Amino acid sequence: MRICRTAAELRAVRSSLESPVALVPTMGALHAGHESLLKNARDGNATVVASIFVNPLQFGPNEDLAQYPLTPDDDMALLERLSCDVLFAPTVAEMYPAGSQTRVQPGEVAAHLEGERRPGHFAGVATVVLKLFSLVTPDRAYFGEKDAQQLAVVRRMVRDFDLPVDIVGCPTVRESDGLAISSRNRRLSDAQRRDAVGLSRALRLIVEALERGATDVGAVLRAASAELGALQQDYLAVVDPADFVPLDTVPRKADLLAVGAAFCGTTRLIDNMKLCSA
Ligand code: PAF
């Protein structure tokens, strides 16, 4: 695996990479969810480029940038094992040198739910993803469906800016009890880990109730709140994955998402599940 720490190093290897080139953007602390992205990328492409960059732009002032887990040796071993061809791991100064000031401003798709609770987060994500696309010039880029609103923001940006990259969404990887795998799960104590499954239970309740034909979204969400158990609800909602506007009623024959966020102690968990209303 070739390791590039600067844009210049990356540019120097880019011209020799066989197409199609896949990009798997990450912030490191790689886990089974990333492993699935990397395997999907490996299966369908001649070259796999992974990036590891903990992007300060997407963390708010009260968020956990300083505590973000760093596991460089384990990450490198996983990338080698999965036959990743190139790792791009720049510094903050490399990505945002002094004087850097241009930012991508996502629209309505970033306005609700995560966007409302984490002001500036999706602008930070869109900005770094656009920079990675521009540096790596991938044919395809792989993102987890677990961060569903992030995926929607990236898809919208690609359409709005006519970017020549296919966005591939990969299914959420779950523990055997249903908890969506996330680097934040490592912060949970044993007791919190047992409680954490409440979020996926609540989402499953929403999906099952709506698929059975329930129409009162408010009542369904109230019932789902009770499934959260010891977790503290941030939000539960049903949205169209194209715009992420919370719905009061469920349109017929629509592919929708049940989405949720909840606190397990101080750790904020997010998750979503697909539903197909009849
Ligand atoms: O999902 C992530 O890990 C990050 O938001 C991403 C897409 C790598 C951008 O920093």
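The values are calculated or read from the model by the stated rules, or taken from the named source; none is laboratory data. Since this is a predicted model, take the numbers as computed values, not measurements. Positions of Cβ are backbone-derived with ideal geometry, glycine not excepted, and every protein chain shown enters the neighbour counts. The protein model used for the area step is the full one, side chains on, heavy atoms only, and it has no ligands, DNA or RNA in it. Shrake-Rupley method; radii C 1.70, N 1.55, O 1.52, S 1.80 Å.
Would you say MET76 is at pLDDT 95 or above, within 12 Å of the ligand (Cβ to nearest atom), surrounded by 14 or more Cβ atoms within 10 Å (Cβ to Cβ) and more than 16 Å from the chain's Cα centre (by Cα)?
When the stated conditions are applied, MET76 does not pass them.
Listed by first and then second residue, the pairs linking a residue in the range 124-138 that is charged (D, E, K, R) to a residue that is part of a helix (DSSP H, G or I) and surrounded by fewer than 23 Cβ atoms within 10 Å (Cβ to Cβ), with Cβ atoms under 7 Å apart and 6 or more places separating them unless they lie on different chains, are LYS131/MET95. Residues of the range 117-147 that are in contact with a strand residue (DSSP E or B) (Cβ under 9 Å, 6 or more places away or on another chain), more than 13 Å from the ligand (Cβ to nearest atom) and under 19 Å from ILE270 (Cβ atoms): ARG117 alone. Residues in the range 94-110 that are of a type in the set (D, E, K, R) and not in a loop (DSSP other than H, G, I, E, B) were compared, and the one that is surrounded by the fewest Cβ atoms within 10 Å (Cβ to Cβ) is GLU108. Taken over the range 27-63, the residue count meeting the criterion of being more than 10 Å from the ligand (Cβ to nearest atom), open to solvent by less than 20 Å² (accessible area, probe 1.4 Å) and closer than 18 Å to THR267 by Cβ is 1. Considering the range 84-93, the residues that are touching a residue at least 60 places away in the same chain (Cβ under 8 Å) and open to solvent by 30 Å² or more (accessible area, probe 1.4 Å) include one that is nearest to GLY44 (Cα to Cα), namely ASP85.
In the range 186-193 there is at least one residue that is within 30 Å of VAL104 (Cβ to Cβ) and touching a strand residue (DSSP E or B) at 6+ places or on another chain (Cβ under 8 Å). Counted as qualifying within the range 168-245 are the helices (runs of 4 or more DSSP H) with 2 or more residues that are more than 30 Å from LEU38 (Cβ to Cβ) and open to solvent by less than 40 Å² (accessible area, probe 1.4 Å), namely 198-211, 217-227. Among the residues of the range 1-26, those that are open to solvent by 20 Å² or more (accessible area, probe 1.4 Å), away from the ligand (no atom under 16 Å from the Cβ) and assigned to a strand (DSSP E or B) comprise ARG2, ILE3.
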